[in-house]
Structures are given as C-alpha cells and as structure tokens.
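**Q** Below: one structure in structure tokens.
Bear in mind these aren't lab numbers, they're just calculated from the coordinates by the rules spelled out. None of the values given here were measured: they were computed from a predicted structure. Cβ: placed from backbone, ideal geometry, glycine included. Neighbour counts: every protein chain shown.
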Amino acid sequence: MIELLDVSRTVTSGASSLTILHPTSLTIARGRIAAITGPSGSGKSTLLGLLAGLDTPTTGTVRIDDVNITDLDEEQLARLRGEKIGIVFQFFHLIPSLTALENIMVPLELSGVRDARQRASTLLADVELTGRGHHYPSQLSGGEQQRVAIARALANDPPLLLADEPTGNLDSATGRHVIDLLMTVHRERGRTLVLVTHDRELADMADEVIGLRDGRVVSRQERA
Ligand code: ADP
Ligand code: MG
C-alpha cells in the first residue's frame, strides 16, 4: 500500500520558487495497477520520483507498507528501494559500460545475492533475451534495452514496480511487447504497478487512472 499525505514539491532556483506538485493525498492499494496520465510538464515524473524516494517532498509524507519513507536517511532509502521498489525509466538508464547481464546483476549484487549471475540469466530469459546477455546497451535496440531495464527492476522481486513512460520511446509493436511483459508480472506475481503513461492502451489496463495537470490531481477514475 502506498499512501501520500499532503505531499508537495517546490523547487527553488535563486530567488524564485516553483511548485511543481501541489499538496496531494492519495492511496494506491497493494496489487493494483495505477496509471498516472497528463500532459507533458504536469508533474508525472515528479510524483513517481517522490513515490520512489528518489526526490524528497517539500511538505507531507509518503508511506510505503506503513514505512514513512520521508523519515529515512539516504542509506535506509537505498536499502528500501533495493528491497521493495523496482524502477523502470523512460530512457532505460542502463549502465553503458556494463553488458545486459551485468546490468541485471547490479541490484542483485548490491543486496548480496550469492548466485547473482545465475539469477540474472533467468531474468534475461524471462524477458526473452537469452543469448543477448553479453551485449552492451549500445548494441541493443530500444525495446531490448527496455526489457533489460525491466529485468533489472524485477531482479530482487520487489512488491512495487514503478515505470515512467516505459513505452514512450518505443515503436508500437515493441511497446506492445513491453506492456505484455509488465502485465504478466502483475498477473503472475500480484505486484503493484504504478505507471506513468501517454499510452491509451496501457492506461486502459489500469485499475485506476490518476490524471494530473499543472501539478495537481484533476481526475481519478476507478474501475471495478
Ligand atoms: P512530466 O513528467 O509530467 O512531464 P515533470 O514532473 O518532469 O513533468 O515536471 C513537472 C514540471 O516541473 C515541469 O515544468 C518541469 O520543467 C519542472 N521541473 C521538474 N523538476 C524540476 C527541477 N528539479 N527544477 C526545476 N523545475 C523542475
Ligand atoms: Mg516525465
């Protein structure tokens, strides 16, 4: 369960300050798929960054499974992310100097998994990239890179998966493949998914759609 209470974010540069997320309260129940939609610049990535503990709210609190993540220090946050949160970024964010397999191994090694290489190979197979493990990100297509990024996000089998426009930089057929993969994870493992998306097809699969505009939640649709 994710719970935001009066969470806002204001950024300052020099003398001016800009509120990019106005005080927002919302809850997302465990095992749900929530889609965050809205025009470019409406605060979607900001909201996701706050959920992930990558950004600090200016006001309010974020709770994940009854842990107030706003109270945690950097090290505790990093540990919580490692255990509980998988993050998929729009531009994949793979480490260019590491192979596909090594990228997937990073979170496993950080959490001290002993058979990291073996487990990463299994994950690579789950995203249908067996045989591509020795390739560097620059040798992979956008869709392949995004599948590596998903495998990396799933490495520690986190209960919460956050994805920021995961199909935003993919052609529609490749995007479809990535959507199927995310839905499979949700269905087979009962994981909570929070997706930022412009993709109608992806938003249609969500249990709830949270609409943002100018840093405010302006709509919330729930499906039975
Ligand atoms: P979205 O993901 O919906 O496109 P963002 O959350 O990335 O929107 O950004 C919302 C607004 O906040 C944008 O106008 C963006 O330029 C601004 N913004 C985001 N991060 C910062 C920052 N660190 N400093 C200043 N402005 C920012
Ligand atoms: Mg964004």
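**Q** Mind telling me which of Arg119, Arg176, Arg200 comes out most flexible in a GNM of the chain, alpha-carbon contacts under 10 Å?
**A** Fluctuation is largest for Arg200.
**Q** Using only the Cα atoms of region 1-92, what semi-axes does the equivalent ellipsoid have when each is the square root of 5 times a gyration tensor eigenvalue? Give whole Å, largest first.
**A** So the three semi-axes of region 1-92 are 21, 16, 14 Å.
**Q** Loop only per DSSP, at most 15 neighbouring Cβ atoms within 10 Å: give me the GluC sites (Glu not before Pro) in region 126-224, ordered by residue number.
**A** Numbers: sites: Glu128, Glu144, Glu188, Glu201, Glu208, Glu222; in loops: Glu128.
Answer in residue order: Glu128.
**Q** I'd like the projected area of region 118-202, averaged over all directions, using the convex hull of its alpha carbons. Report it in nm² with one decimal. Don't skip to the end; give the middle numbers.
**A** Details: hull surface 21.7 nm².
For the Cα atoms of region 118-202, the hull's average projected area reads 5.4 nm².
**Q** Turning to a different aspect of this structure: Can you check what the Kirkwood hydrodynamic radius comes to for region 67-160, Cα pairs only, in Å to one decimal?
**A** Details: mean 1/r = 0.0741 Å⁻¹.
For region 67-160, the Kirkwood estimate is 13.5 Å.
**Q** While we're here: Given 10 °C and 1.306 mPa s, compute D for the chain with the Stokes-Einstein relation, Rh being the Kirkwood radius over Cα pairs; round to the nearest whole µm²/s.
**A** My calculation gives 89 µm²/s for D.
**Q** Counting pairs of alpha carbon atoms under 8 Å apart in space and at least six apart in sequence, what relative contact order in percent does region 2-222 give?
**A** Dividing the mean separation by the residue count of region 2-222 yields 29 percent.
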